[in-house]
Every structure is written in structure tokens, then in C-alpha cells.
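Q: One structure, pasted below without further comment.
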């Protein structure tokens, strides 16, 4: 019984982490129709930035935020310099982002070496917290809290602000949004920076749980992909629910069927694809 | 002229082991041919059907793994090859049913996910696939008493398979069915209105493409006598796609040139620099930005442009006149 609760707690924490990663992926995919295959790499390079900042004496949260900002700038450069040249050319975008992900992976290997780097849990968050009589690692509770706060923040941004209304208009009908005077191309850059920044931030936050290693990008990208396909692209609620579904599937799959963990993870996605191709919370393509 | 070029290149290909200095280069030639088979198979889907797959290494790997498991289970080579190809066709059918739910981006994303599943199974299902350590096989086959154990022997066998692939794929895309394939690529709705079963045409193209990927996978297994999860990783699918795109999609020569480029670059690059992935990524980005149509059509375009510049009189009159009035 206790084991199940701990597993469930870990699943929720992992889901929170996945949400930080996939919310940006989903927005970029939904708004800009860009299949950003560098998303895992952006998260990994963010995590590596974080390790360097922490090694240089920076605090954990400051390092996470700084890494997020750094990756947001990198994302903005990628969007402005490369993806901007390829509007609507999906295949070209797939290839460029894929090529970039290889380059980033190799540069990280050059810069930080091949050994996994641990990110130490901040001292305040070490130890365990008792919730309903069960001890959960405090850090995981903190991750869930941070993810919830950011999810609420994103929700308010998208649903309650002028910028959010413009982004939603851009998602629904970019041509019409342009006609009524919304600068969709500037929105694209903002969304891309935001998504990239969240991915970088998630990389550092995930560090104490996953540690940072070459191949982290290839581990995270499919998870983000599954979340977005499950939840529906461009839908915040979809990525929120999808993240927790994937968090549970991943953790329980690892614990119960370790040999087939990937099948357990991808099977529900395939079922959703067959029954509801636009995802659980996505709208059908016009 | 065309036949002359064709016969000369055939003779050159067939005699590679005689005029090439060492077994090392013969082996590189075998690698080029086996990856060319893979790229040609993928190109049926990418170039002629307009569906970009980033999961084809999964099919390639399924053939290699199935073949290795059959052989290690004591099956005869012929049975192992047939069994592996049957397994690949079955997997391709499942892949096709799932991926053809989407077109464009949806299709790409689903192929990525499927490729990752195959990778996850290869990596994690240790009792069958031996995990990260991979599976080895003891021998190469010796059909009709000819041994494929030597580099030239294997090269000629690969060359035969390669020629079979080129001829079959040329017939396939040149047939009326190939024309309907290009029709579904360019105008799926009109094809549908004309009474063509678009889904079925794509499904069959997927199977055909998967079959040749499986053949290439078997060649790979016999070449290395070893298969590991590395073979089915996303990077492998991306490499195959790079061969197709770099050479030029929707042409026969393109994927072959692309395979040669990637294999040579990989061997040369790994001899001089250890950063193959960086080079691969940079080639990807450069080709997409500067030569989006691929090296073969791109070079043809650049060549025509250069000829136009050097001999302006050869240009058809209408275009030449426009150029002059513009200047």
C-alpha cells in the first residue's frame, strides 16, 4: 500500500516536470505549427547551464531561472535566424530542428563531458515531508508546487490577459489574426522564447531527480511528444492532463513491467490517435 | 548515351573489388550500397508519396533483430531471411495503419513515436534483445556454395541486392501505380474525387518502402554480424532521411548519392574528427537552408545556371531576351 502511494507521489512529481517541458512544446506546435525537435536539447542545455552556474556559486533557484532565460534567448535566436526563413515548410523545419538537436547534443558533450552531472537538491528541500501519514521527498513536493504555480501563471497569461487573447487568436486563425492587426510573427518569437525558457528551466528543476547526462534530450523529447499527442497540441489543459497521465504511465510502467515500460508509455498514445486523432483536449483540424 | 553511362557505371560497380586497393574500401563500398537500398526504400515514401518518416530505422532494425533471433534460434539462413522480411512487412503494416491516421506533421510525429517504441523495446526487453549489448550472429550465409565471408564476396552479394532494389523501385515508381502515388502526393483530394483509394495507395507504398528497409536491415545484420539498439535510435532514422534529402527526394539517383555522401563523410569524419554528430547536424542545416531540393537536383540547377552564365547564346531566345531587357 505504502509503495503504491510513494509511486503515485513520484508520478505526480514527474508529471509536474513533464508539464514544464511539454507546455512550451505544445504551444510552439499548436501556435506556430513547428515540430520543434530541439525541445529536448533545449531542456538539456538548460540543465547543463544550471550545473555550471551552480558550480560557479549560484543558488539553485537563481541558476534555474538564469538557465531558463539563457535558453529563452537561444530559442529566440533559433527562431529568428533559422526557423523564420522556413515559413510553412514543415519538412524543412523538422530537418533543421533535428540537425540543431544533434549539434547541441554534441556541443554539450564537448563542453561538459560524457559523465552524468548530479545537481544537488537545495538544502532546505532535503529530507521528507509527511503527507497523510506517508513520507514524500520534500523536493518532489516542491516540484509539484512549482509546476502548479507555473501552470496557473500560464493559464492566467493565456486566458486573462491581452497577450494571451492574441496568442489564442493566433492559434485559432493566424490569417484572420493578422488582418485585425495582431503581429503574429512577433507573437511567434515570444511564444518560442517562452517555450524554450520553460524547457531550460525544467531541465534544471529536473536535475536533482534525473541528473544531467548526454542523451537526456533523446529521453525527454519522446515524452514531450507523447504528452502533446495525448493532450492535443496547443491546449494548456491538454498538456497538463497529458503530463500527469504520462507521469503515471512512466513510473508505474517502470516499476511493474520494466522490460516493456516504453510500450506501456506509448500504447495509450496510439489508442488515443486511433480513436481521437486530435488528442484528448485538442480541437479537430479544420 | 544514357545506356552507355549505365553500362559503364555497371561495369565499374561490378569490378570494384579488382581496382580498389584494400578490403577496407571494398567494405565501405558494401556499406554505401546497403545504405543506398535503405535510402531508396525510404525515398519511395518520402519522395514519391510525400510522407516523411522518421521511424524507418525501426523497420530496418526489426528486420535485423528478427533475422538475428531466427538465426540464433537455429533457423536456416533462407528461413531466417524470409522470416525477418515477413516480420518487417507485418511491422510496416502496423506502422502504416497507425501513421496514416495523420498526414504532414502528424505523420512525422507518429513515426518518431513508433521508432522510439521499437528503440525502447530493443533497449529494455533484455530477455529477447539482450539490451544494450545487442545480438550477434556467428556466420554469414553461403548461397549456392559461394562464401560471403570475404569482403569481395559480400560486396557482390550486396551489389546484386542493390541492383534488384534499383530495378524494382524504378519499375514501381514508373508504373501506373507509381503515377497514382505521385498523384496522391500532389493532389490527394483530386485523386480521391477521381475515385482512387488514397489511403490504400499510401498503405501499399508504405509496405513496399518497409520491405526494402527490411532488406537493407538484413544486409546490415550480415555485414556487421551484430545488431544493437543504436541501429534503431532516432539518430539512425534521421541519418537515413538525411541521405534521401541530401541526395534529392523523388529521384532514383538522389538517395544513392546521399548514401554515398553520408557513409563516406561518416568514415572520413570519424577518422579525422570525433564529432560526427556535429558534422551531421551542420550538413542537415546547411542543406535545408541553401540547397533545399537536394544535392543531385541542386547541382543540376547550379550547373545549368553556370552554363547559362558562360554561354548566354545557348539560352532559349525568350528567356535570353528578358534577361537582356532587364539588364
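Read the figures in this text as sums done on the coordinates, not as results from a lab. Computed from a prediction, not measured in an experiment: that's the story for all the values here. FYI the Cβ positions are ideal-geometry reconstructions off the backbone, even for glycines, and counts take in every protein chain you see.
Q: Give me the distance in nm between label points sitting 7 Å out from Cα along the Cα-to-Cβ direction at residue A:149 and residue A:172, one decimal.
A: Using points 7 Å along Cα→Cβ, the separation is 3.2 nm.
Q: Which whole number gives the average, over all residues in B:117-130, of C-beta atoms from other chains lying within 10 Å of the residue C-beta?
A: Working: counts 9, 2, 3, 9, 6, 1, 3, 8, 6, 2, 1, 1, 1, 0.
Taking all residues of B:117-130 together, the mean is 4.
Q: Taking R0 as 51 Å, what FRET efficiency do you get between residue B:142 and residue B:265 from their Cβ-Cβ distance, rounded to the nearest 0.05?
A: Numbers: r = 33 Å, r/R0 = 0.64.
Rounded to the nearest 0.05, the efficiency is 0.95.
Q: Moving to a separate point now. What nm value, rounded to one decimal, do you get for the distance between residue B:7 and residue A:62 when each label is placed 7 Å out toward the C-beta?
A: 7.9 nm
Q: Peptides B:154-162, A:240-248, B:96-104, A:121-129: what's the order by average Cβ count within 10 Å, highest mean first?
A: A:240-248, B:154-162, B:96-104, A:121-129
Q: How high is the relative contact order of chain A, in percent, with contacts defined as C-alpha pairs under 8 Å that are six or more residues apart? Don't jump to the answer; show the numbers that get you there.
A: Numbers: 431 pairs, mean separation 106.0, N = 286.
In percent, rounded to a whole number, it is 37.
Q: Here's a follow-up. What's the ranking of A:92-98, A:181-187, B:270-276, A:273-279 by average number of surrounding C-beta atoms within 10 Å, highest first?
A: Numbers: A:92-98: 24.3, A:181-187: 14.1, B:270-276: 12.0, A:273-279: 16.3.
By packing density, highest mean first, the sequence is A:92-98, A:273-279, A:181-187, B:270-276.
Q: Also: Take every residue in peptide A:101-113, count the Cβ atoms of other chains within 10 Å of its Cβ, and give the average of those counts. Intermediate values should be presented prior to the final figure.
A: On the way: counts 6, 15, 9, 3, 4, 9, 4, 0, 4, 3, 0, 0, 0.
What the average comes to for A:101-113 is 4.
Q: With the crude spin-label approximation of a point 7 Å out along Cα→Cβ, what separation in nm comes out for residue B:187 versus residue A:185?
A: If labels sit at residue B:187 and residue A:185, their model points lie 3.3 nm apart.
Q: Connecting C-alpha atoms closer than 10 Å in a GNM of chain A, tell me which of A:200, A:76, A:133 has the biggest fluctuation.
A: Comparing A:200, A:76, A:133 in the GNM, the peak value goes to A:133.
Q: Rounded if a/c is under 1.5, else prolate if a/b beats b/c, else oblate: with a ≥ b ≥ c from the C-alpha gyration tensor eigenvalues square-rooted, which is the range B:72-188? Don't skip to the answer; put the middle values down first.
A: Values: a/c = 2.71, a/b = 1.25, b/c = 2.17.
Taking the square roots of the gyration eigenvalues as a ≥ b ≥ c, the range B:72-188 is oblate.
Q: Mind ranking B:35-46, B:252-263, B:5-16 by how tightly packed they are, going by the mean number of other C-beta atoms within 10 angstrom, highest first? Provide the component values of the computation, followed by the final result.
A: Details: B:35-46: 28.4, B:252-263: 23.2, B:5-16: 11.5.
Ranking, from highest mean packing down: B:35-46, B:252-263, B:5-16.
Q: Rounded if a/c is under 1.5, else prolate if a/b is larger than b/c, else oblate: which is the range B:1-134, with a ≥ b ≥ c the root eigenvalues of its Cα gyration tensor? Please report the intermediate quantities before stating the final value.
A: Numbers: a/c = 2.28, a/b = 1.31, b/c = 1.73.
Oblate shape, in that a/c is at least 1.5 and b/c is the bigger or equal ratio.
Q: Right, something else. Under the rule of -39500 (n - 2.57) per DSSP H run of 4 or more residues, summed and divided by the residues of chain A, what mean residue ellipticity at 222 nm is obtained, to the nearest 500 deg cm²/dmol?
A: Result for chain A: -25500 deg cm²/dmol, rounded to the nearest 500.
Q: Please list, by residue number, everything in the range B:268-299 whose backbone N is under 16 Å from a paramagnetic label point 7 Å out along Cα→Cβ of residue B:307.
A: B:296-299
Q: Once you average over the residues of B:276-285, how many Cβ atoms of partner chains fall within 10 Å of each Cβ? Display every interim value, and only then the final one.
A: Details: counts 2, 9, 8, 3, 5, 11, 5, 2, 9, 9.
Neighbouring Cβ atoms belonging to other protein chains average 6 per residue here.
Q: Taking square-rooted eigenvalues a ≥ b ≥ c of the alpha carbon gyration tensor, is the range A:124-173 rounded, prolate or oblate, where a/c under 1.5 means rounded and, failing that, a/b exceeding b/c means prolate? Write down the numbers at each step before the final one.
A: Numbers: a/c = 4.72, a/b = 4.01, b/c = 1.18.
Prolate, since a/c reaches 1.5 and a/b exceeds b/c.
Q: Under a GNM of chain B (C-alpha, springs under 10 Å), which listed residue has the highest mean-square fluctuation: B:132, B:76, B:308?
A: Taking springs between Cα atoms under 10 Å, the residue moving most is B:308.
Q: Please give the length that would be gained between residue B:127 and residue B:230 if that part of the chain were fully extended, namely 0.36 nm times their separation in residues minus their C-alpha to C-alpha distance (nm, one decimal). Before the final figure, lay out the partial values.
A: Working: separation 103, 0.36 × 103 = 37.08 nm, distance 1.76 nm.
Separation in residues times 0.36 nm, less the Cα-Cα distance, equals 35.3 nm.
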